[in-house]
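The values are calculated or read from the model by the stated rules, or taken from the named source; none is laboratory data. Predicted, not measured: the structure shown is a model, and the values here were computed from it. Methodologically, a virtual Cβ is constructed for each residue, glycine included, from the backbone with ideal geometry; neighbour enumeration extends over all protein chains shown. Note: areas computed on protein heavy atoms with side chains; ligands, DNA, RNA excluded. Shrake-Rupley method; radii C 1.70, N 1.55, O 1.52, S 1.80 Å.
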Amino acid sequence: MELTPKQQVLEVIKSKQSVLLLTHKNPDGDALGSLLAMYLVLKKMGKDVVAVCNDVAPDSFNFLPEIDKITQNFAGSRDFVISLDVSKIKADKVMYKVVENKLEIIVTPKEGYFDKSMLSCCDSSAKIDLIIVLDCPDLERVGAPYEKNPELFFNIPLVNIDHHPGNDQFGKINIVDMTATSTAEVLVGIIEALSGDIKLFDEDVSTALLTGIITDTNSFQNSNTTPKSLTVAAQLVAFGGRQQDIIKNVYKTKSLSTLRLWGRALSNLHDEKSYRFVWTALYKNDFIEVSAAQNEAAGVIDELLKTASGVEFAVLLSERDGDVYGSLRATSKMFDVAPIAQLFGGGGHAQAAAFQLKNTTLLESSENIVSKIRNYQEKG
């Protein structure tokens, strides 16, 4: 009998030793919680694990266990490692030069001599035998780790675990549960099945997973909250998940720069009453003038715009790294924002969706974006 996707994931995790964990750019609580939960679980299982995210986590998630283990620097198969054994003879200085298209590395010993027997080299890609991508609808959302090493993703077994309805099913094994509130919720069942004789759920793993569920349901306020998500959350609290730590850090603690940025968002607010939505924009200069990091815009749409009354949805437009990002949130349970994101090549859930327009500015694109949304609403 053919194994189910879940059984295949369990088998491949148990059979592989060196695992690369990835999530999407501009990580949110579900991305970070899922990444760290899997990191901690695989470490408990004795695996060699590297957790990579294209971007630095927002400061509000610094409370998460082992968050310092997430790296942005993954060169993957581009690295060629040259090793010199210095256990007996110490190196004094290292230099390199290019001679007739050859790279020469000169290592001067403090005393004695190095010889060829002390030298070895390898392709670093050989260190990875499994890739797990979490909370990503497609590989492009992974960012630089994929863009710089595309061949790695076709040569090594790839597991795709997600909950987004627009997932591209890009893995060799795919577990995409569109009924789940979050990828963290999906992982709870997988970790339960992996446990066996090893106690995998502890306070740290449970806190990481609970963070994913709480942030993707906006502390169980969103309409995507289900009886299962509440049951799973209760289970994680019983395992020691620090629910109050999550609430305090994610919802009740804001830096002055974040508050000032949110003030800019409110100052730039536009009420499209005739078209039943509100929108605001955060320009590059807004971030610079209030000394805010780009990830500090994360709560604007959920904690400010989504509370607007008399509209069907809210839109946040922001400038980041030469691109324009759009985030959409439905304020009505009956409204689906995903088709609007699709107008601009994006996607997402009925209640939350997003898009990205590359190589443009808000001055160049905002009027066109809003105009398209108005036209969509007129036809609706």
inquiry  = Filter segment 79-100 down to the residues that are in a loop (DSSP other than H, G, I, E, B), under 40 Å from the mean Cα position of the chain (by Cα) and not hydroxyl-bearing (Ser, Thr, Tyr) and list them by number.
reply    = Asp79, Asp85, Val86
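Which residues, taken from segment 202-261, are of a type in the set (Phe, Trp, Tyr) and either outside any loop (DSSP other than H, G, I, E, B) or surrounded by 21 or more Cβ atoms within 10 Å (Cβ to Cβ) (or both)? It would help to see each step written out before you state the result.
So the first thing to find is which residues in segment 202-261 are of a type in the set (Phe, Trp, Tyr), and the list is 220, 239, 251.
The answer is Tyr251, and nothing else.
Which of the following residues is more than 17 Å from Asn268 (Cβ to Cβ) and basic (Lys, Arg): Lys284, Lys333? Outline the logic, then answer.
Details: Lys284 fails: more than 17 Å from Asn268 (Cβ to Cβ).
None of the others qualify; the one that does is Lys333.
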request  = Give me a count of the residues in segment 345-380 that are at pLDDT 95 or above, touching a Ser or Thr at 6+ places or on another chain (Cβ under 9 Å) and part of a loop (DSSP other than H, G, I, E, B).
outcome  = 0
ask   = Taking segment 317-352 as the search range and keeping residues that are closer than 19 Å to Trp262 by Cα and among the charged types (D, E, K, R), which one is surrounded by the fewest Cβ atoms within 10 Å (Cβ to Cβ)?
value = Arg320
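Keeping to segment 174-188, report how many residues are polar (S, T, N, Q) and open to solvent by 10 Å² or more (accessible area, probe 1.4 Å).
First pass over segment 174-188, keeping only residues polar (S, T, N, Q): 174, 179, 181-183.
Within this subset, residues satisfying the condition of being open to solvent by 10 Å² or more (accessible area, probe 1.4 Å) are 174, 179.
Counting residues in segment 174-188 that are polar (S, T, N, Q) and open to solvent by 10 Å² or more (accessible area, probe 1.4 Å) gives 2.
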Residues that are small (Gly, Ala, Ser) and either farther than 22 Å from His24 by Cα or surrounded by fewer than 19 Cβ atoms within 10 Å (Cβ to Cβ) (or both), drawn from segment 126-155 = Ala126, Ala144
ask   = When both residues are 6+ apart or on different chains and their Cβ atoms are under 6 Å apart, which pairs have a first residue that lies in segment 1-19 and is touching a residue at least 24 places away in the same chain (Cβ under 8 Å) and more than 19 Å from Val52 (Cβ to Cβ), and a second that is hydrophobic (A, V, I, L, M, F, W, C) and open to solvent by 80 Å² or more (accessible area, probe 1.4 Å)?
value = none
request  = Exactly one condition in (1) open to solvent by 40 Å² or more (accessible area, probe 1.4 Å); (2) of a type in the set (Gly, Ala, Ser); (3) in contact with a Leu (Cβ under 9 Å, 6 or more places away or on another chain) is not met by Gly171; state its number.
outcome  = (1)
key: Unique match (being of a type outside the set (Lys, Arg), assigned to a loop (DSSP other than H, G, I, E, B) and within 21 Å of Ser18 (Cα to Cα)) among Asn167, Asn160, Asn149   = Asn149
inquiry  = The conditions are (1) part of a helix (DSSP H, G or I); (2) open to solvent by less than 60 Å² (accessible area, probe 1.4 Å), and Arg264 fails exactly one of them. Which is it?
reply    = (2)
ask   = Does Ile191 count as under 16 Å from Leu40 (Cβ atoms), assigned to a helix (DSSP H, G or I) and open to solvent by less than 10 Å² (accessible area, probe 1.4 Å)?
value = yes
Verdict on Val56 being β-branched (Val, Ile, Thr), closer than 26 Å to Asp129 by Cα and part of a loop (DSSP other than H, G, I, E, B) = yes
request  = Please verify whether segment 116-129 includes one or more residues that are out of contact with any Pro (no Cβ under 8 Å at 6 or more places or on another chain), assigned to a loop (DSSP other than H, G, I, E, B) and within 15 Å of Leu20 (Cβ to Cβ).
outcome  = yes
remark   = Across segment 269-282, the tally of residues that are open to solvent by 70 Å² or more (accessible area, probe 1.4 Å) and at negative phi stands at 5
ask   = Of the residues that sit in segment 1-46 and are in contact with a helix residue (DSSP H, G or I) (Cβ under 8 Å, 6 or more places away or on another chain) and over 30 Å from Asn249 (Cα atoms), which one is most open to solvent (accessible area, probe 1.4 Å)?
value = Lys14
request  = Test Ala292 against the stated conditions and say whether it is assigned to a strand (DSSP E or B) and either open to solvent by less than 30 Å² (accessible area, probe 1.4 Å) or touching a Phe, Trp or Tyr at 6+ places or on another chain (Cβ under 6 Å) (or both).
outcome  = no
